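Working notes, beginning with the structure itself.
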Amino acid sequence: MDSWSDVRLFHTGDAFFESLIQDIQNAKENITIESYIFDLDKLTENILHELSLAVKRGVSVKLILDGFGSYSTIPLILKYCQQHGIELRVFHIMPYPSSWFRRVPAFEILGNASWWRRMNRRNHRKIVIFDEKTAYLGSLNFTEIHCEKYVGNKAWRDTGVRVQGPAVKHLVIASQITYLRTIYKGILSWISRWRTPIKQLNSAVQLNTTQKMRKHLYRDLLRRISHAQNRVYITTAYFLPKRSLLRALIRAKERGVDIKLLIPGKSDVPFSQWAAFFLVRFLVEKKIPVLEYQKSILHAKTMIIDDDAYVGSFNLNYRSLFHDLEVIAHFKTPQTVNNMISQWEEDLTHSKNITTTGTSWLTRVLSKIAFRLRYML
């Protein structure tokens with residue numbers, strides 16, 4: 001099994017991005033950034049500046065953004081990247097109204113992109129790789145909303161990790177494939193996906209680049225829950241799983257496993273929260289504790305299953321299961337697992353148990369409508 005030689009967990013955006021900027025400053029050969037959202041704010045202005053300085057030192061810098069998640073900022077980021085020698089690529093570009101943007105050499109002509117067929121396939125991963133030796137991943141997008149330094153107590157609660165070790169090579173290959181998919185289509189894109197390692201279930205990195213890998217990873221998740229002996233603690237920002245996952249959780253609870261689910265009390269996507277209403281109520285009725293985080297918006301995606309911990313961009317919803325590119329890091333060392341358990345216990349002090357009482361008829365109506373659209377959420 002590929003493993004990590006060094007692991008540093010971050011449970012705040014301030015600590016995560018402070019460490020990331022230090023690695024930008026120390027990079028020697030190349031930097032690759034993959035992100036779903038890349039805003040233009042005080043945080044990212046600082047990061048872009050450091051990236052431009054890295055280019056001047058002779059470092060190759062690639063920035064791969066999702067065409068939907070970063071839609072509003074891509075034109076301005078493109079301008080900055082062209083001025084400072086940063087290579088920008090867009091995963092499944094969306095159409096822009098201004099015709100000049102369509103003629104930019106960095107992108108293909110939209111008429112040939114068949115964007116309407118792929119607009120539902122997004123790159124939701126957050127990966128940063130330095131010199132193919134050090135990597136950052138988790139659920140933090142490039143936006144100041146994660147940092148108390150910029151937004152105070154409104155900062156989102158998130159988890160990220162800095163890793164080193166043999167397993168980084170899988171992240172390097174995954175980013176190379178994503179890069180190729182922003183350039184080539186058809187058979188060349190298929191060949192690039194074929195390069196992805198498919199035996200990941202025992203790897204420290206889990207990726208869902210192909211449909212086959214998605215099925216394997218989901219079945220492995222069900223298997224791990226089904227074989228859990230002590231605990232299953234799940235933190236997720238968007239909870240819309242398949243019924244098979246609900247059944248696995250209920251059966252584990254019936255075996256005496258400590259099952260707990262932590263979800264946002266206030267979501268940045270209220271429609272998704274409404275859609276989850278019936279599933280949450282169902283679990284509560286089955287005596288599975290479901291808690292809502294109250295301190296701020298919860299955006300972390302983590303799991304603790306017995307003595308294994310998982311950190312990544314993967315939500316328990318249909319988007320992550322069927323549509324989006326995601327990444328998960330798997331940890332087994334006692335130090336890392338204990339760190340995750342300590343943060344879990346800290347999060348519970350800022351949470352409250354959900355009950356099925358007190359829901360209005362309007363909430364139930366909105367939830368029913370949203371639930372019908374769960375496949376798109």
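Table for the structure above
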| quantity | calculated |
| --- | --- |
| Cut-off 15 Å between beta-carbons: net charge of the residues surrounding residue 58, Lys and Arg +1, Asp and Glu -1 | 0 |
| Cross-link partners of residue 79 among aspartates and glutamates (Cα-Cα below 20 Å; sequence separation of 8 or more within a chain) | 34, 39, 41, 45, 50, 66, 87, 108 |
| Packing-based ranking, highest mean first, of 211-217, 15-21, 29-35 given that Cβ atoms within 10 Å are counted | 29-35, 15-21, 211-217 |
| Of 169/253; 149/242; 215/286; 133/242; 154/253; 42/260, those spanning more than 32 Å from alpha-carbon to alpha-carbon | 169/253; 149/242; 133/242; 154/253; 42/260 |
| Segment 27-94, dipole about Cα centre (Lys/Arg Cβ +1, Asp/Glu Cβ -1), debye to the nearest 20 | 260 |
| Segment 22-101: relative contact order in percent, alpha carbon pairs under 8 Å with at least 6 residues between | 33 |
| Dipole moment magnitude, nearest 20 debye, segment 257-315 about Cα centre, only Lys, Arg, Asp, Glu C-beta charged | 280 |
| Heavy-atom surface of segment 211-300, accessible at 1.4 Å and reported per residue (Å²) | 46 |
| Ordering of 44-56, 64-76 by burial proxy (mean other Cβ atoms within 10 Å per residue, highest first) | 64-76, 44-56 |
| Local electrostatic count, residue 147, Cβ distance below 14 Å [Lys/Arg +1, Asp/Glu -1] | -4 |
| Spin-label pair residue 287/residue 342, simplified geometry with 7 Å Cα→Cβ offset, distance in nm | 3.4 |
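The values are calculated or read from the model by the stated rules, or taken from the named source; none is laboratory data. Being a predicted model, the structure only gives us computed values, none of them experimental. Every residue, glycine as well, gets a Cβ built from its backbone with ideal geometry; the counts of neighbours run over all protein chains shown. Side chains included, ligands, DNA and RNA excluded: accessible areas come from the protein's heavy atoms. Shrake-Rupley method; radii C 1.70, N 1.55, O 1.52, S 1.80 Å.
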